[in-house]
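The values are calculated or read from the model by the stated rules, or taken from the named source; none is laboratory data. The shown structure was predicted, so the numbers you read here are calculated from the model rather than taken from an experiment. All Cβ positions, even for glycine, are placed from backbone atoms using ideal geometry, and neighbour counts span all protein chains on display.
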Amino acid sequence: MELLMAELTFEGFITKLRQQIRNSYQTIGDNLISGGAKDMETYKYLLGQAHAYQIIDQEISNLLNPKEEKNGQEQDNTNVVRFGKDGGNTKD
């Protein structure tokens, strides 16, 4: 086992982690589809787990492949509403 861990690269680790997350997500989905939730509490618990797996997988994806700005332009912040002392409308 130690030999396997020593040879595992970062990319290999991430691949295996994402595969395990997706397998767990699929297992929960199969369980829900087959009627494996005996009551509403169990159903909500499994749904929460599935949602958590989706979020984790998406965050890993975002970290590995950050979205680039179009044409190298800076982000347009004109539609951003800012609250607080310095963020509100100021008059000169």
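Below is a table of values for the structure above.
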| quantity | calculated |
| --- | --- |
| Any hit, the stretch 59-74, residues being surrounded by 11 or more Cβ atoms within 10 Å (Cβ to Cβ), modelled with pLDDT under 95 and within 18 Å of the chain's Cα centre (by Cα) | yes |
| Residues located in the stretch 10-28, provided they are out of contact with any Leu (no Cβ under 9 Å at 6 or more places or on another chain) and more than 16 Å from Ile60 (Cα to Cα) | Gln26, Thr27 |
| Matching residues in the stretch 15-42 - criterion: being in contact with a helix residue (DSSP H, G or I) (Cβ under 7 Å, 6 or more places away or on another chain) and either surrounded by fewer than 11 Cβ atoms within 10 Å (Cβ to Cβ) or part of a helix (DSSP H, G or I) (or both) | Arg18, Ile21, Arg22, Ser24, Tyr25, Ile28, Gly29, Asn31, Leu32 |
| The stretch 9-46, residues that are touching a residue at least 12 places away in the same chain (Cβ under 8 Å) and of a type in the set (S, T, N, Q) | Ser24, Asn31 |
